[in-house]
Amino acid sequence: MALDDLLLDQPGWFLRLTRWRQPVVSLGRFQSWPESCTDERSAFPPIHPAGEVEPPPDTLAAVRRATGGGAILHGEDLTLAIAGDCPSPVFPHRRPTAVAHRISLLLARLFEGRATSRGGEVQEASMQHITDCFLRKSPSDVVVEGTEGSIKAGGIALAFRQGRVLIEASLRRDLLDAQPDNDLQQLHRLGLFLGLKAGSSSVGDLPLQWQGPLARRVEQRFGDPHWNHG
Amino acid sequence: MSNVPTDRQYLSSHEWAQQVEGVVVVGISEHAAEELGELVFIELPAKGDEVVFETQFGEIESVKAVSGLNSPVTGKVVEVNQELIDSQAAISDSPFEDGWLIKVEPAIDSGLDLLLDHKTYQAQLDGS
C-alpha cells in the first residue's frame with residue numbers, strides 16, 4: 001500500500017487492485033499502533049509490522065495506509081485504490097464528504113442490484129476509538145440489505161495532498177458476490193464510471209524500478225523501511 | 001459564507017499567514033475547517049524545523065480523510081501550537097485565533113509576496 005502513497009505524487013490517474021498473499025491488517029494513517037495491538041475491542045489477533053524477518057507466531061502482518069480511518073482486515077476482500085487530481089472534472093470539489101459520497105455511489109454501481117450507498121453527503125462521525133472500520137456505520141459505506149437491515153459491505157478512506165486525492169476501498173467479496181475472476185473487468189468499469197479514458201495497464205508484481213523509491217518513501221513517512229510493504 | 005479576515009494572506013489551498021512582529025503565524029481558514037469537519041489528529045513540525053513555501057509541513061485527519069497542510073511561508077518554525085496535539089477543537093472553533101498551527105521566522109525569500117490577499121481568496125471561495 002506504500003505504492004498508493006507514491007501515486008499521490010504522480011501525475012495522471014491510477015486505478016489499482018491489490019491482491020494479498022496472506023491476511024493482512026491495514027491501519028489508518030494515524031491509528032495508534034499499540035491500541036490496535038492490544039485493544040480488547042479489536043476484532044483482530046495481535047499484529048506485527050509486515051516485513052519483519054521473524055514475525056511472532058499467531059499474529060497478523062500489518063501495513064500502514066496513507067489514508068485515514070480505522071483498521072481493515074484484507075485477504076478475502078476486493079482492495080482498490082484510485083489516485084488522481086482533485087479538484088478536477090472527476091471530483092469537482094475537494095471536500096472529503098463530496099469525494100466520499102461520489103465514490104461510494106460509483107462503487108455501489110459496480111454491484112448494481114445487490115449493493116447501494118448508505119448515502120448522504122454528511123459529515124462522518126468520529127471513529128477515533130473504533131479499531132475496525134467495518135464495526136461502524138458511515139454515510140460513504142457500500143451496503144447490502146440483510147434480514148436485519150443494512151450490512152456494511154464496503155468502506156473507503158481518503159488522503160488529500162496538494163492537488164491530488166487518494167481513495168482506498170475495501171469491498172467484501174462474500175456479500176457482494178465479487179468474484180476474483182471479474183476484478184479486472186470491474187476495475188475497467190470503475191474507470192468508465194469515473195469518466196477516465198482508457199490507459200495503460202499492468203498486472204503482476206511491482207516492477208523492480210519501483211522498489212527503491214518505495215523503500216525510501218516508507219522510511220521517510222513511517223520511519224521503518226520494512227513497514228507498509230503489503 | 002465563511003469569514004475571511006482582511007488582516008492576513010492566503011494560499012489557494014486554504015492556509016493563512018499573518019505577520020506579527022517579525023514572525024509569521026500560520027493556520028487554516030474557516031472555510032477549510034468547515035470542509036474538513038470533525039478533526040481527529042494533527043501532525044505538525046517541531047520547533048526548529050524548516051518549512052518551505054507551498055510545500056507540505058504537516059497533516060491533519062478529519063474522519064477517514066487525511067489532508068496535507070501546505071506552508072504559506074519559507075522559514076524556520078519558532079513555535080508550535082502544542083494544545084492542538086491533544087485536541088483539534090480550536091481549529092474548528094477558532095481557526096483564525098486559538099486554532100493557529102505554527103509560528104515561523106520567515107526566510108529572506110519567504111514567498112509571502114506570492115500569497116493571495118483576502119479579496120482574491122474570497123473570490124476563489126465565491127467561485128468554488
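The values are calculated or read from the model by the stated rules, or taken from the named source; none is laboratory data. Predicted model, so just to flag it, every value in this text is computed and none were measured. Neighbour counts run over all protein chains shown; Cβ positions are idealised from the backbone, glycine included.
Can you pull out every residue in the range B:28-54 that is surrounded by 19 or more Cβ atoms within 10 Å (Cβ to Cβ), among the small types (Gly, Ala, Ser) and farther than 15 Å from residue B:96 by Cα?
Within the range B:28-54, just B:37 meets the criteria.
For the range A:145-173, name all the residues that are modelled with pLDDT of 95 or more and farther than 20 Å from residue A:65 by Cα.
A:173
If residue A:88 passes every condition in (1) hydroxyl-bearing (Ser, Thr, Tyr); (2) crowded, with 20+ Cβ neighbours inside 10 Å; (3) at pLDDT 90 or above but one, which one does it miss?
(2)
Does the range B:65-116 hold any residues that are touching a helix residue (DSSP H, G or I) at 6+ places or on another chain (Cβ under 7 Å) and within 14 Å of chain A (Cβ to nearest Cβ), and which are they?
Residues satisfying the conditions are B:65, B:67, B:84, B:92.
Within the range A:44-89, how many residues turn out to be more than 14 Å from every other protein chain (Cβ to nearest Cβ), under 19 Å from residue A:156 (Cβ atoms), assigned to a loop (DSSP other than H, G, I, E, B) and among the small types (Gly, Ala, Ser)?
Residues in the range A:44-89 being more than 14 Å from every other protein chain (Cβ to nearest Cβ), under 19 Å from residue A:156 (Cβ atoms), assigned to a loop (DSSP other than H, G, I, E, B) and among the small types (Gly, Ala, Ser): 1 in total.
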